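Asker: Quick one: the structure is below, questions incoming.
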Amino acid sequence: MSLYIRREAAKLWKRLCAEISTEINLLAENWMYILAGLIFQYIHGLAARGVHYLHRPGPTLQDVGFYLLPELGQDKAYISETVFTFIFISFVLWTFHPFIFKSKKIYTVLVWCRVLAFLVACQILRIITFYSTQLPGPNYHCREGSKLARLPPPNNALEVLLINFPRGVLYGCGDLIFSSHMIFSLVFVRTYHKYGSRRFVKQLAWLTVVIQSMLIVASRKHYTVDVVVAWYTVNLMVFFLDKKLPELPDRGGAAALLLPLSKDSSKSKEENHKLLNGNSGDPADWRPRIQVNGKIMEDGTTVHVEAVMNGV
């Protein structure tokens, strides 16, 4: 039993090292895209913090979702955040699963380059939208009488740049149309729907996002319009960007040989090249072959036979 465990642990460690080596090579080529995407996440948080200074609390707007979905209450507002956290962590773990499991269909660095591109495009539209018109926030801490509904003018630029993370993100007001939670959730689910392998998980993921949409409205964190606009904006943005971005290489096909997965990768690549050119690389297979051309009559007899040597 201990021998089996040691053997499997050695295989796992070898696979992990090979995977890390491959991903480091990819990161060295694509680090600028990853860094730019992460920097924009801070810019998006900074923009959400800035619009909070412009927020003016007022009466909650009429909303069909508020009539159809009962209010969860302030003590149960954590439910929607719990669902979002589950989606977020599940997706992050899935993107790193090639480091552990044998079923490798994706490269982690390349997937995150694609995901960050989707997020940045959607967040740019979101920033433009919520700065265009500030609506009175429906969340409990954004209503009239709450101390957090209005932010006093900043004393210095550093107070704005620090964005008071994470409290400033959790208790923001004014960044309503459209929902940031829905941006992340829809981008994650669409990415798994394309590159994931389990049909049941895909169906469960879409169901979870639908439930999260209703919980966001029931928690009064957003108006229904914020969720509805997110559904078609994010899906359309991902659809069009997905057509423009280069497709990810399939790890299960010949494209997997484009990346060095082991020390023998150059040899494997050379052998694959020979196979694609019609021979296996064995000198014994280079012998001339005889091609027989003949005409078969209706009664099954051959009336003309010509032997042609390959290469003549």
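The values are calculated or read from the model by the stated rules, or taken from the named source; none is laboratory data. As the structure is a prediction and not an experimental result, all values here were calculated from the model. Because the Cβ atoms are built from the backbone with ideal geometry, glycine has one as well, and the counts that use them run over all protein chains shown. We work out accessible area using only protein heavy atoms, side chains counted, and drop any ligands, DNA or RNA first. Shrake-Rupley method; radii C 1.70, N 1.55, O 1.52, S 1.80 Å.
Asker: Of all residues in region 225-246, count the ones that are open to solvent by less than 30 Å² (accessible area, probe 1.4 Å) and under 23 Å from PRO136 (Cβ atoms).
Answerer: Result for region 225-246: 5.
Asker: Return yes when ASN139 is of a type in the set (S, T, N, Q) and surrounded by 20 or more Cβ atoms within 10 Å (Cβ to Cβ) and no when it is not.
Answerer: yes
Asker: Okay, next question. List every residue pair whose Cβ atoms sit under 7 Å apart, with the two residues 6 or more apart in sequence or on different chains, where the first one lies in region 224-248 and is under 22 Å from VAL64 (Cα atoms) and the second, anywhere, is of a type in the set (A, V, I, L, M, F, W, C) and open to solvent by 30 Å² or more (accessible area, probe 1.4 Å).
Answerer: Qualifying pairs under 7 Å: THR224/VAL64; VAL225/ILE177; ASP226/ILE177; VAL229/ILE177; THR233/LEU125.
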